[in-house]
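Since the structure comes first, as structure tokens, the remarks are kept for the end.
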Amino acid sequence: MPKLSPEGLRAVADIAQRTGFSSDAVASMLFAVIAGNGGMAQFSHPEFGGSGQWMSGGAIMLSDMFNNALKARVDALCVELSALVRREPGLAVAGSFQSQSQGGAAPMGGRQSSLLTPEASGGANWWPADLGAPSSVGAQNAARYAYFPAARRLAVDIDGKVTVYDTQDHQIGGFSQQQSGTGSVTFTSQHGTVDVGRLPIVSGARSPASPSAAELPTPPATARPETAPAGHENVLAVIEKLADLHAKGILTEAEFSAKKAELLSRL
């Protein structure tokens, strides 16, 4: 996902002031319109009523489907951003998901949009390639995120460190980030507001509060049930701890199954 240049940030702030949306919401929609090559957008932000889709020509769908006033405001915002994207040289290609098929070449013969930082010209996605194309992307402060509902994955990049989370059964409708402090990211779903740190980590940096299966204590390798009954009880106790961590969502199904099989092989 491209990053906005100082001129791009000023443009976003100006549009936010005129439309009544926050700068974060406008920037999120701008990236979505860029990803749709200026003609469509798949977005997710609380100020837009959660997830939705827009297509040039007036087609728009919001989660808050009966809020016609919000539909009109979002449509007007998308139309203005679409015109902005189409005016800028190579802007749509530089940030779109389709740019993966462009071989990473600089857009428009090397011409860089004034709304993007120079390093965005290659159009490379920052999330793992095996996740495919997200349904929504966004950025706020030092964090950016990409949501993949089909794969039940959420990628978060904070200061260049990308972490992929398992979103479980959450149907994510919007993201937000603390303005100060830890800068933790939260999202809204059918379960309310949830801190991203509570989700199981699939890859990337791991929080000390979320140990992996490999970090959990294991019984002594010499303990055999036929010679040391206490070793048998120790194995069962560790499996119970694993099951509890799995139930709390700290361990994934794969991590729990692998560690359980290893422990049972000791019996």
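Given labels modelled 7 Å from the Cα in the Cβ direction, how far is it in nm from Ala258 to Asp169? Taking the two extended label points, one gets 2.6 nm.
Estimate the FRET efficiency between Glu240 and Ser203 by the formula 1/(1 + (r/R0)^6), using the beta-carbon distance for r and 30 Å for R0, to the nearest 0.05. Once rounded, the FRET efficiency stands at 0.65. Computed from the Cβ-Cβ distance with R0 of 25 Å, the FRET efficiency linking Arg86 to Trp126 stands at 0.55. Give the residues of the range 27-41 whose amide nitrogen is closer than 20 Å to a point set 7 Å from the Cα of Met65 in the direction of its Cβ. Once the point is set 7 Å along Cα→Cβ of Met65, 41 turn out to lie under 20 Å by backbone N, inside the range 27-41.
Every read-out reported here was derived from the displayed coordinates using simple, explicitly stated rules and does not represent laboratory data. Keep in mind that this is a model prediction, so the values were computed, not measured. We place every Cβ from the backbone using ideal geometry, glycine too, and count neighbours over all the protein chains shown.
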